[in-house]
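S.K.: I have a structure I would like to understand better, so I am pasting it below and will then ask my questions one at a time.
The values are calculated or read from the model by the stated rules, or taken from the named source; none is laboratory data. Bear in mind that the values here come from a model prediction, so they are computed numbers and not experimental data. No Cβ is skipped: glycine too gets one built from the backbone with ideal geometry, and neighbour counts run over all protein chains shown. Areas reflect the complete protein model, heavy atoms only, side chains present, ligands, DNA and RNA absent. Shrake-Rupley method; radii C 1.70, N 1.55, O 1.52, S 1.80 Å.
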Amino acid sequence: MQDTLAQLKRGERGIITDVSSIHIPLKLLEMGCLPGNFVELVQVAPFQDPMYLNINGSHLAIRKETASYILIEKMANE
């Protein structure tokens, strides 16, 4: 089973491998939630929702439910 964006811990990074476009708002796709882009979890709000992300230099917040539809490949921390 592949990891999802919702499973990232603070400071972890990954590469987006697949996006279920049925469940992802078009605005997120336009803002860079596309396969091949790097993503880092910057911070999580209280109660674990929403998640604050850095995607290829763009900062955005998304709901954890939405993040569960974005598949990633985790990168080793340097």
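S.K.: Could the peptides 41-49, 61-69 be put in order, highest first, of the mean number of other beta-carbon atoms found within 10 Å of their residues?
M.R.: Peptide ranking by packing, descending: 61-69, 41-49.
S.K.: Further, regarding this structure: Under 8 Å for C-alpha pairs, at least 6 residues apart: give me the relative contact order for the chain, rounded to a whole percent.
M.R.: Normalised by residue count, the contact order of the chain is 44 percent.
S.K.: For Met31 and Leu60 in the same chain, what is the full-extension length gain: residue separation times 0.36 nm, less their Cα-Cα distance, in nm?
M.R.: Gain on extension, Met31 to Leu60, equals 9.6 nm.
S.K.: Return the tail of the calculated pair distribution for the chain, meaning the percent of Cα-Cα pairs more than 20 Å apart. Let's see the in-between values first.
M.R.: Values: 540 of 3003 pairs.
More than 20 Å apart: 18 percent of the Cα pairs in the chain.
S.K.: Same structure again: What accessible area per residue comes out for the chain, rounded to a whole number of Å², with a 1.4 Å probe?
M.R.: Roughly 62 Å² per residue, with all protein chains present.
S.K.: What is the percent carbon and sulfur in the accessible area of the chain, measuring with a 1.4 Å probe over the protein chains and ignoring ligands? Display every interim value, and only then the final one.
M.R.: On the way: 2590 of 4870 Å².
C and S atoms contribute 53 percent here.
S.K.: State, to one decimal in nm, how far the label point of Phe38 lies from the label point of Ser68, with both points 7 Å from Cα in the Cβ direction.
M.R.: In this crude spin-label approximation the distance works out to 2.9 nm.
S.K.: Let me ask something else about it. Let me check I've understood the local charge: for Glu73, count other residues with C-beta under 12 angstrom from its C-beta, Lys and Arg +1, Asp and Glu -1. What total comes out? Can you show the working numbers first?
M.R.: Numbers: positive: Arg13, Lys74; negative: Asp3, Glu12, Asp18.
Overall, the nearby charge balance is -1.
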